Amino acid sequence: MKPIDTHNPKAAVRAYGDGLHWPLTVGHRHRPRQGCTCGNAGCPTPGAHPLEGRPEFASVEETARLLEGSPSAALIAWTRFFDAVVVPRAVGMAAMVTLDQIASVPCLVAGGNVALLVLPATGRYALGPGLPGEVRTGPRSWVAVPPSPGVCWDTPPWEERTATPLVLLNGATLGRHLADAYAGREVGAPV
């Protein structure tokens, strides 16, 4: 099987919509020298966030057509089938070093943060007291996915050779690795 090209809008929408059954919408656009279409001059995620108001879901074909017709627009996946645990990039990457030894964890990279995808309704177990981060969960939360501007996969949500969806971890398992990464030590290292 050919690898999925998430830079190709139609291939990306089919992979997320048909392959993973994620609800998708097209979000704001990033315009060179003009900024984000949201109108916020200091937008922290230009062209990588949803439009205001309630999301309108279209078919996979319609979403692909809308995305192809809106260069530099965000592709938004709503967190119905996963929770997204958003943490600083350095911490997320440190946790991924040890997580990769037990399972592949879908990991999005966007600027100084990463979003690690876990089973729905378990993300709250990933961040212990005092650990910085954000959990996006439920049908009204979202993540921008490639080909959104400034967003790429470190680990896509499918097996790259077969395009088989990855089995998501429980947030509690992720939490142990994040806690150790925040503490600056690897999982299993002597205390």
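The values are calculated or read from the model by the stated rules, or taken from the named source; none is laboratory data. Bear in mind that the values here come from a model prediction, so they are computed numbers and not experimental data. Cβ sites come from the backbone with ideal geometry, for glycine too, and all protein chains shown count toward neighbours. Surface areas here come from the heavy atoms of the whole protein model, side chains and all, with no ligands, DNA or RNA. Shrake-Rupley method; radii C 1.70, N 1.55, O 1.52, S 1.80 Å.
Points worth noting:
- Heavy-atom surface of the chain, accessible at 1.4 Å and reported per residue (Å²): 52 Å²
- Compactness of the range 104-154, taken as the C-alpha radius of gyration over 2.2 N^0.38 Å, stands at 1.18.
- Added length on full extension, which subtracts the Cα-Cα distance from 0.36 nm per residue, residue 14 to residue 62: 16.2 nm
- In this view, the solvent-accessible surface of residue 154, computed with a 1.4 Å probe and all protein chains in place, comes to about 70 Å².
- Ranked by solvent-accessible area (1.4 Å probe, protein heavy atoms only, all chains present), the residues 161, 29 order from largest to smallest as 161, 29.
- When 7, 49, 21, 30 are compared by accessible area of protein heavy atoms, the largest-first order is 7, 21, 30, 49, using a 1.4 Å probe.
- Separation of the residue 154 and residue 102 label points, Cα + 7 Å toward Cβ, nm: 1.6 nm
- Per-atom-type breakdown for the range 1-132 gives carbon and sulfur 54% of the accessible area (1.4 Å probe, protein chains only).
- Overall form of the range 73-123: oblate. Here a/c, set by the Cα gyration tensor axes a ≥ b ≥ c, is 1.5 or more, and a/b is not larger than b/c.
- The range 86-185: C-alpha gyration tensor shape, a/c 1.5 cut-off, then a/b vs b/c: rounded
- The packing ranking, built from the mean of other Cβ atoms within 10 Å per residue, places the peptides 57-70, 102-115 in the order 102-115, 57-70, highest first.
- Within the chain, the proportion of Cα pairs with more than 27 Å between them is 27 percent.
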